[in-house]
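Here the structure comes first, spelled out in structure tokens, and everything after it is commentary.
The values are calculated or read from the model by the stated rules, or taken from the named source; none is laboratory data. Just so it is clear, the structure is predicted and the values come from calculations on it, not from any experiment. FYI the Cβ positions are ideal-geometry reconstructions off the backbone, even for glycines, and counts take in every protein chain you see. Just the protein is used for accessible areas: all its heavy atoms, side chains included, with ligands, DNA and RNA removed. Shrake-Rupley method; radii C 1.70, N 1.55, O 1.52, S 1.80 Å.
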Amino acid sequence: MRRPRHLSPDDKAVWDHVRQQVKPLHPQTRVKPAPVSEPPPKKVVPRPPVAPFDMGAKADIMRPHDILPPLRERLRSAPVAMDAKNFLRMKAGKLKPEGRLDLHGMYQDEAYPELMAFILNAQASGKRLVLVITGKGRVSDGWAPEGRGVLRRYVPQWLQLAPLAQAVLEVRPAHLKHGGDGAYYVYLRRRK
């Protein structure tokens, strides 16, 4: 970012001298601007006060915060929408997926239409549990602020948007034998 330039005392004296000698071109046609009505003041919502902190004191780690938990934690803590018996079998890796989609090496604009077509076709053919493999991605190497597991982050979000939301009943991380962190179980609704 550029540093602000400041005038030296000599430059300021020259500028003031020039400014005093300037005369307007058309002084009689000068129009006063119309008075601007001030907008109503915005309603300020007071924030809760920050608790005082003394040097050397322990921080209160149990205080609430507004940081969103990681995606994996949000998926695990989401309420179960499917029947409990099948959910426990799926979670343990005992339910065999009826279909599999591998999105490794795809860009977002390639992966999204593939995912849409796969999920809608799987539901149309009566499949209930499918596996979507996204890959684990890599940790950030400094140049990408959110890391590299783009599909791993976006696939659960895409599954919650229309038109896929009407087809998907449950999205959970896969069991280790089906890909673990790099895959998702997608449990589909029955077609009406």
Of the conditions (1) among the charged types (D, E, K, R); (2) at pLDDT 80 or above; (3) in contact with a strand residue (DSSP E or B) (Cβ under 7 Å, 6 or more places away or on another chain), the single one that residue 72 does not satisfy is (2)
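Take residue 89 and tell me if it is part of a helix (DSSP H, G or I), basic (Lys, Arg) and out of contact with any Leu (no Cβ under 9 Å at 6 or more places or on another chain).
No: the conditions fail for residue 89.
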Over region 62-86, the set of residues exposed (fewer than 10 other Cβ atoms within 10 Å of the Cβ), over 18 Å from residue 181 (Cα atoms) and not acidic (Asp, Glu) is 62, 63, 64, 65, 67, 68, 79, 84, 85
Show the residue pairs that are 6+ apart or on different chains and have beta-carbon atoms under 9 Å apart, the first residue being within region 51-74 and within 30 Å of residue 149 (Cβ to Cβ), the second being at pLDDT 75 or above and part of a loop (DSSP other than H, G, I, E, B). 74/68
Filtering region 156-188 for residues that are within 23 Å of residue 83 (Cβ to Cβ) and small (Gly, Ala, Ser) leaves a count of 4
When region 106-123 is examined, which residues are found to be in contact (Cβ under 8 Å) with a residue 24 or more places away in the chain and either under 21 Å from the mean Cα position of the chain (by Cα) or more than 16 Å from residue 188 (Cβ to Cβ) (or both)? 106, 108, 111, 112, 115, 116
Does region 154-192 hold any residues that are under 19 Å from residue 111 (Cα atoms) and free of Cβ contacts under 8 Å to residues at least 40 places away in the same chain, and which are they? 157, 160, 161, 162, 165
What pairs come up if the first residue lies in region 87-100 and is open to solvent by 90 Å² or more (accessible area, probe 1.4 Å), the second is modelled with pLDDT of 90 or more and small (Gly, Ala, Ser), and their beta carbons are under 8 Å apart, counting only those six or more places apart or on different chains? 98/122
Across region 161-183, the tally of residues that are in a helix (DSSP H, G or I) and surrounded by 12 or more Cβ atoms within 10 Å (Cβ to Cβ) stands at 4
Within region 117-137, how many residues are polar (S, T, N, Q), assigned to a helix (DSSP H, G or I) and either open to solvent by 50 Å² or more (accessible area, probe 1.4 Å) or closer than 12 Å to residue 102 by Cβ (or both)? 1
